């Protein structure tokens, strides 16, 4: 008998043994209990493991793309880029070597640590920045407590997450300042930003708002133009010469909010009644209302011109030449 015949007999016998063993023991679901992932204990470990894999994979892909792009750069441009990145890397390596034991512990525990003034000055000098030009900022930083630094850090993170620049923050101070003069809000949508205080020459243009009540927010010469609003009640917020133009309002009741010389032009209202809010010289021009109307709100010289209203009630609200 040849070797080929022996090999064939051995393979046939092995398959017979496997089939017999499989018929003797049928697998059950309980046989795999030891491989099951426990939701309370093991699942977070497996989840973090996968997240780390994904993170390292993305980093590797981005790193490889960066290397490929760097190789494709012309020689005249990759030299300055390499020199700049090398200088930044050396500066931060020097900063890391200068960390105190307390900063290292805090960094390892929280993931970050605050620099001291002398460390910031050294970092500025390594980057070629004149320290005297930022001395006032460094003085303010040095006077902050650790709690103030944490609050400032989270505030900066919030502004980065919301994509709010310092300039737009200055423009939006009308919403948070008690007195604001000549601070227009242009192309700056806002949400959950209540308004307080007095605003003069603070028009709101192309800036829709939502869930932003105005409480004790008097205004003068502050029109709303192309700025719709939802859930924006006006409470104790009188205004003068503040017309609403193409700025529809929904769920925006006016409560104890008198207004004068503030017409509504092409400005529909929905669920926005006037409650204890007298008005004068405020005509409604092409500004229909639905589910609203004045309640204990007298009006003078405020006619509705080409304006239809639906499901609107006039309750104890006398009118004169309106």
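Using the structure shown, decide if residue 205 is closer than 20 Å to residue 190 by Cα and touching a strand residue (DSSP E or B) at 6+ places or on another chain (Cβ under 8 Å). Outline the logic, then answer.
On the way: closer than 20 Å to residue 190 by Cα: yes; touching a strand residue (DSSP E or B) at 6+ places or on another chain (Cβ under 8 Å): yes.
When the stated conditions are applied, residue 205 passes them.
State whether one or more residues within the range 198-206 are over 22 Å from residue 263 (Cα atoms) and either under 24 Å from the mean Cα position of the chain (by Cα) or not assigned by TED's automatic domain parsing to the domain that holds residue 281 (or both). Among the residues of the range 198-206, not one is over 22 Å from residue 263 (Cα atoms) and either under 24 Å from the mean Cα position of the chain (by Cα) or not assigned by TED's automatic domain parsing to the domain that holds residue 281 (or both), which makes the answer no.
Of all residues in the range 138-155, which are assigned to a helix (DSSP H, G or I) and touching a helix residue (DSSP H, G or I) at 6+ places or on another chain (Cβ under 9 Å)?
Across the range 138-155, the qualifying residues are 138, 139, 141, 142, 149, 152.
Among the residues examined, residue 65 does not qualify as over 27 Å from the mean Cα position of the chain (by Cα), over 30 Å from residue 189 (Cβ atoms) and at pLDDT 80 or above.
Scanning the range 238-252 for any residue that is within 23 Å of the chain's Cα centre (by Cα), surrounded by 18 or more Cβ atoms within 10 Å (Cβ to Cβ), at pLDDT 90 or above and not in a strand (DSSP E or B) turns up nothing.
Within the range 308-322, the residues that satisfy the criterion of being crowded, with 17+ Cβ neighbours inside 10 Å and either at pLDDT 90 or above or within 40 Å of the chain's Cα centre (by Cα) (or both) are 309, 317.
The lone criterion from (1) modelled with pLDDT of 90 or more; (2) crowded, with 16+ Cβ neighbours inside 10 Å left unmet by residue 226 is number (2). Does residue 233 satisfy being within 33 Å of the chain's Cα centre (by Cα) and in the same structural domain as residue 184 (by TED's automatic domain parsing)? Answer is yes for this residue.
The values are calculated or read from the model by the stated rules, or taken from the named source; none is laboratory data. Fair warning: this is a prediction, and the values are worked out from it, not measured in the lab. Positions of Cβ are generated from backbone atoms using ideal geometry, with glycine treated the same way; all protein chains shown enter the neighbour counts.
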